[in-house]
1. I'd like the full set of residues that are under 13 Å from residue 66 (Cβ atoms) and surrounded by fewer than 17 Cβ atoms within 10 Å (Cβ to Cβ), limited to region 97-121.
2. Keeping to region 191-210, report how many residues are without any contact (Cβ under 8 Å) to a residue 24 or more places away in the chain and crowded, with 17+ Cβ neighbours inside 10 Å.
3. Within region 55-75, track down each residue that is under 15 Å from the mean Cα position of the chain (by Cα), buried (at least 21 other Cβ atoms within 10 Å of the Cβ) and not in a strand (DSSP E or B).
4. Residues of region 1-36 being more than 19 Å from residue 76 (Cα to Cα) and touching a Ser or Thr at 6+ places or on another chain (Cβ under 9 Å), which ones?
5. Please specify each residue of region 206-226 satisfying the condition of being within 15 Å of the ligand (Cβ to nearest atom) and either part of a helix (DSSP H, G or I) or over 14 Å from residue 7 (Cα atoms) (or both).
6. Going by what's in this entry, would residue 174 be described as touching a residue at least 40 places away in the same chain (Cβ under 8 Å), over 18 Å from residue 63 (Cα atoms) and more than 14 Å from the ligand (Cβ to nearest atom)?
Amino acid sequence: MGKDVIVACDFAGARETLAFLDKFGSARPFVKIGMELYYAEGPEIVKKIKERGHRIFLDLKLHDIPNTVKKAMAVLARLDVDMTNLHAGGGTEMMKYALEGLTRPDGTRPLLIAVTMLTSISQDVMANELGIGGQLPETVIRYAKNAAAAGLDGVVCSPLEARIVHESCGAGFVTVTPGVRFADGDAGDQKRVMTPEQAKSIGSDYIVVGRPITAAPDPEAAYLRCVREFVD
Ligand code: C5P
């Protein structure tokens, strides 16, 4: 599994996003498009970024009945994205249907990654609001194992969970980890952060990096620094 840096393009619209991507010379980073940008601009933004030679992680976190997710995934596969995701909380059957929908007639498909328990959910909320017993990391692992059993490629998780996910689901099961900051950078609203080097040593396969690159005075230099520290 090739390690890579994914740049989170958390911009409100196409204009800001394309202006940001214009700042790159020869580098063509893997980019993450989230709900805000996709809902604002629709499939066109995916096509435009794809045409510029970027790979795309479409972060729409689908969660619905299996048949609906299958049909929605078929649409995303036709958009030619490289990676997309869903909520493991939708259940194993939903995940299996999603894979079927995502598989193109020629047998190829984007990587399919599951969100386990959102990092915004605390132990207290999980237990007392959602009514899920046990400890939060156990739920994360249970959901990751369900995703692996359904045939998915990996999970989004904290870099702190990457090692245990690999231990539970196999070394080839992909971990996509946000919450990355340079050693001399500002953590911002992220509570538990790791440097690209730490994420590498703990076994993350892909790191998702937003503001340390999008808000840098020279985004391409910041991106290349990330690649040096994480991949090389
Ligand atoms: O700017 P920053 O590097 O914090 O951006 C991280 C990206 O990863 C954002 O798009 C954020 O929504 C996403 N993410 C996260 N934590 C999670 C899941 C996704 O930061 N648990």
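Values quoted throughout were computed directly from the atomic coordinates according to the rules given, and no laboratory measurement underlies them. The structure presented is a predicted model; accordingly, all values stated were derived computationally and were not measured. Here Cβ is always computed from backbone atoms with ideal geometry, including for glycine, and neighbour counts include all displayed protein chains.
1. Across region 97-121, the qualifying residue is only 100.
2. From region 191-210, those without any contact (Cβ under 8 Å) to a residue 24 or more places away in the chain are 191, 193, 201; that's our starting set.
Still in the running and crowded, with 17+ Cβ neighbours inside 10 Å: 193.
Number of matching residues: 1.
3. none
4. Selection gives 3, 7, 10, 11, 20.
5. Listed by number, the residues that qualify are 211, 212, 213, 214, 219, 222, 223, 225, 226.
6. Values: touching a residue at least 40 places away in the same chain (Cβ under 8 Å): yes; over 18 Å from residue 63 (Cα atoms): yes; more than 14 Å from the ligand (Cβ to nearest atom): yes.
Taking the combined requirement at face value, the residue satisfies it.
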